[in-house]
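Here it is: the structure, laid out below.
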Amino acid sequence: MVCFILHHINQALVHKIYKSVLFICSFFLFWYCMFIPREAAAFGMEQSQVTDIIAQILSNHETGANIMIQNERILDVAMIKKFYVKRNFRSAWLNNDIRMSRAHELLDAIQEAYADGLIPEYYHLSKIKLLLREVQLNDTPYASAHWKKSAELDLLLSDAFFLLSCHLSSGCVNPVAVEAEWFSDNGVIDVIAVLEKGLQENTIKESLRNLIPREKMYHRLRQALANYRSIQSRGGWTAVSPGASLKIEMRDARVAELRQRLIRSGDLSHEAEDTGDLFNHTIEKAVIRFQGRHGLHPDGVVGPKTIYELNVSVQERVRQIELNLERLRWSFRNLGSQYILVNIADYRLEVVEDRKTVLAMKVIVGKPYWHTPVFSAEMTYLEINPAWNVPDSILQDDLLPKIKNDPNYITEQNFIVLDGWDENAEHIDPLVIDWTTVTGENFPYRLRQEPGPSNPLGRIKFMFPNKFNVYLHDTPHTALFEKNVRTFSHGCIRLSQPMSAAAYLLQDDKEWTKEKLLQAVDSGETQIVRLKHPVRVHILYLTAWVDTNGLVQFREDIYSRDERLDRALKKPPF
């Protein structure tokens, strides 16, 4: 009897549960049939309407005319048209995600571009925020006004993505238009493909961040920008009053100003003992650190040059960092795993392997009126005991006055005159030339200085063929490397340790031991040595960067390039 009752109770319970499950499933099936197709159909209708409006806006555009969206100018009409034609004018950003997460990702990326020294408002920031809010909060989502705003928002989002992607990958301005001696080779990035991939994979922000240079130097300088902006937001630093030079063991009321200034820039610890007006060893050490970071002679004495650098405002340093982030976007993309890097403004050469500096040395660069250009090229060979073929410009400005004043100058300095530039050119007796009538423009011959102790190329030169005829070389004038400012050349780069550089470049060539290299140099004979493994050479111009020890470095703008770049970047791209 008990078993019979339990059996019937269980059957009733199972039947009740079955009916409940059937009811719930029926309810969800009814909801799906009634609402999901309607929502999908409505979304499909919106997509269709937005597509038609985008097509109409772009089709009505006349070649060479501007496209204005909500008083905002589309900045790259050609790119926008190419992108939407390829997708049959379909919306890129409108989807059935009511949060429009991809659009918000782009907004985040635009606002974060400020950390790269860019100006977010250049990328339609305010208008995108406004339209996005109106599109998402619209009470009549299927009205023509809503579709028009959705289409306009779509176009502005795509235009902002294209402009920001170009700026992050290649810089905001064309370097050649700003600095005549700057030639970068970053390659071409297909930003349309980048956007399409980001849309498909929902990785808009990641796609943009992947465009910035991956080198640590860029990211360290980006962090320095944040740090210096933080100093600026806290009021910056106060100036050190002018006066006599400050040095160890002196007492001066200005020492207190100096102490606070060094603390603000991180050159002196907050915990350092306050000695009032006494210039002690702790302050001297901080001054030396500061001088080293600014390319000054690190003697610990606060003289006129050091006071000048101390009194450059934090606002100016922030801008200097922003300018050099732009330069790194121009040039710091395709460096390679092994390369030679020359920073003109720092008068320094580094050999880099796998992001580590394996050799470094001082260099001499072009004069302020004879700039060393910025470019990249491949070093393919060395020339031992090179002869020097005198360029017409140097003949005109430097040598002709000396030759005219002293008829024996040519022979004394080991020059010869040739009747042409080919290998078989014949020698011309310099005494048959009327040098009083010669100018750089009418000189029909070639003036060549033979190898020897007075040859300005020294014992060896390093060749990376380029249109500027610029190369690295030795020099007999080694005393110039002791100067703090080393702008003495006519554009080429003189090395303080040429033999170390040559030994490094030939280390994988068993035929060229260090001993053989020295013997070849001592022979005085000209010899070409091909490199088994060509090395990329990058010549840059950076007035701000962060070194491998984490120290922010600033240098004098010896070619006045910062000012020109500053003006160019302040011009909106519209």
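The values are calculated or read from the model by the stated rules, or taken from the named source; none is laboratory data. Values in this document were obtained by computation on a predicted structure and should not be read as measured data. All Cβ positions, even for glycine, are placed from backbone atoms using ideal geometry, and neighbour counts span all protein chains on display.
Taking the stated definitions as given, is ALA177 assigned to a helix (DSSP H, G or I) and closer than 30 Å to ILE558 by Cβ?
Considered against the rule, which asks whether it is assigned to a helix (DSSP H, G or I) and closer than 30 Å to ILE558 by Cβ, ALA177 comes out as yes.
Look through TYR84, TYR122, TYR114 and report the one residue that is part of a helix (DSSP H, G or I), aromatic (Phe, Trp, Tyr) and surrounded by fewer than 18 Cβ atoms within 10 Å (Cβ to Cβ). Let's see the steps before the verdict.
Details: TYR84 fails: surrounded by fewer than 18 Cβ atoms within 10 Å (Cβ to Cβ); TYR122 fails: surrounded by fewer than 18 Cβ atoms within 10 Å (Cβ to Cβ).
Of TYR84, TYR122, TYR114, the one residue that is part of a helix (DSSP H, G or I), aromatic (Phe, Trp, Tyr) and surrounded by fewer than 18 Cβ atoms within 10 Å (Cβ to Cβ) is TYR114.
If the requirement is being surrounded by fewer than 19 Cβ atoms within 10 Å (Cβ to Cβ), modelled with pLDDT of 95 or more and not basic (Lys, Arg), which of these qualifies: GLY336, GLY292, GLY300? Step through it out loud before you land on a result.
Details: GLY336 fails: modelled with pLDDT of 95 or more; GLY300 fails: surrounded by fewer than 19 Cβ atoms within 10 Å (Cβ to Cβ).
When all the criteria are applied, what remains is GLY292.
Would you mind stating whether ALA479 is hydrophobic (A, V, I, L, M, F, W, C) and either surrounded by 20 or more Cβ atoms within 10 Å (Cβ to Cβ) or without any contact (Cβ under 8 Å) to a residue 12 or more places away in the chain (or both)?
Against the criterion (hydrophobic (A, V, I, L, M, F, W, C) and either surrounded by 20 or more Cβ atoms within 10 Å (Cβ to Cβ) or without any contact (Cβ under 8 Å) to a residue 12 or more places away in the chain (or both)), ALA479 qualifies.
Return the residues of region 54-81 that are surrounded by 13 or more Cβ atoms within 10 Å (Cβ to Cβ) and farther than 24 Å from SER144 by Cα; say none if nothing qualifies.
LEU75, ASP76, VAL77, MET79
Keeping to region 371-386, report how many residues are farther than 30 Å from ARG214 by Cβ and surrounded by fewer than 17 Cβ atoms within 10 Å (Cβ to Cβ).
Taking region 371-386 and keeping what is farther than 30 Å from ARG214 by Cβ, we get 381-386.
Those left that are additionally surrounded by fewer than 17 Cβ atoms within 10 Å (Cβ to Cβ): 381.
Within region 371-386, residues that are farther than 30 Å from ARG214 by Cβ and surrounded by fewer than 17 Cβ atoms within 10 Å (Cβ to Cβ) number 1.
Follow-up question, since we're still on this one. Hey, can you tell me all the residues within region 490-541 that are of a type outside the set (A, V, I, L, M, F, W, C) and either in contact with a Phe, Trp or Tyr (Cβ under 8 Å, 6 or more places away or on another chain) or buried (at least 19 other Cβ atoms within 10 Å of the Cβ) (or both)?
Across region 490-541, the qualifying residues are HIS490, GLY491, ARG494, SER496, PRO498, ARG530, ARG536, HIS538, TYR541.
Yes or no: PHE468 in a loop (DSSP other than H, G, I, E, B), surrounded by 14 or more Cβ atoms within 10 Å (Cβ to Cβ) and in the same structural domain as LEU495 (by TED's automatic domain parsing)?
Values: in a loop (DSSP other than H, G, I, E, B): yes; surrounded by 14 or more Cβ atoms within 10 Å (Cβ to Cβ): yes; in the same structural domain as LEU495 (by TED's automatic domain parsing): yes.
Judged against the criteria, PHE468 is a match.
Starting from residues that are of a type in the set (Ser, Thr, Tyr) and surrounded by 15 or more Cβ atoms within 10 Å (Cβ to Cβ), keep the ones in region 211-234 and report whichever is farthest from ALA109 (Cα to Cα).
Filtering first and then ranking leaves TYR228.
Continuing with the same structure: Go through the residues of region 271-292 one by one and say whether even a single one is closer than 30 Å to ARG348 by Cα, assigned to a loop (DSSP other than H, G, I, E, B) and of a type in the set (S, T, N, Q). Quick ask: steps written out before the conclusion?
To start, the set of residues in region 271-292 that are closer than 30 Å to ARG348 by Cα comprises 281-292.
If we keep only those that are assigned to a loop (DSSP other than H, G, I, E, B) as well, we get none.
No, there is no match, as no residue in region 271-292 is closer than 30 Å to ARG348 by Cα, assigned to a loop (DSSP other than H, G, I, E, B) and of a type in the set (S, T, N, Q).
Here is a yes/no grid of residues against (1) modelled with pLDDT of 95 or more; (2) surrounded by 15 or more Cβ atoms within 10 Å (Cβ to Cβ); (3) farther than 21 Å from LEU551 by Cβ:
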residue: TRP237; (1), (2), (3): yes, yes, no
residue: ARG251; (1), (2), (3): yes, no, yes
residue: LEU262; (1), (2), (3): yes, yes, no
residue: HIS281; (1), (2), (3): yes, no, no
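From (1) more than 30 Å from LYS197 (Cβ to Cβ); (2) modelled with pLDDT under 80; (3) in the same structural domain as HIS146 (by TED's automatic domain parsing), pick out the condition that doesn't hold for LEU22.
So LEU22 meets the others, but not (3).
Go through ARG102, ARG90 for me and flag whichever is in contact (Cβ under 8 Å) with a residue 60 or more places away in the chain, basic (Lys, Arg) and assigned by TED's automatic domain parsing to the domain that holds ILE74.
Details: ARG90 fails: in contact (Cβ under 8 Å) with a residue 60 or more places away in the chain.
Exactly one residue qualifies, and that residue is ARG102.
Additional query: Does ILE394 qualify as being hydrophobic (A, V, I, L, M, F, W, C), farther than 30 Å from ARG555 by Cα, surrounded by fewer than 19 Cβ atoms within 10 Å (Cβ to Cβ) and out of contact with any Lys or Arg (no Cβ under 7 Å at 6 or more places or on another chain)?
Considered against the rule, which asks whether it is hydrophobic (A, V, I, L, M, F, W, C), farther than 30 Å from ARG555 by Cα, surrounded by fewer than 19 Cβ atoms within 10 Å (Cβ to Cβ) and out of contact with any Lys or Arg (no Cβ under 7 Å at 6 or more places or on another chain), ILE394 comes out as no.
Answer yes if at least one residue in region 551-574 is farther than 30 Å from TYR123 by Cα and surrounded by fewer than 15 Cβ atoms within 10 Å (Cβ to Cβ), and no otherwise.
no
Here's another thing I want to ask about it. Just to verify a result, which residue in region 471-493, among those that are in contact with a helix residue (DSSP H, G or I) (Cβ under 7 Å, 6 or more places away or on another chain) and not in a strand (DSSP E or B), is modelled with the lowest pLDDT?
Applying the filter and picking the extreme gives HIS490.
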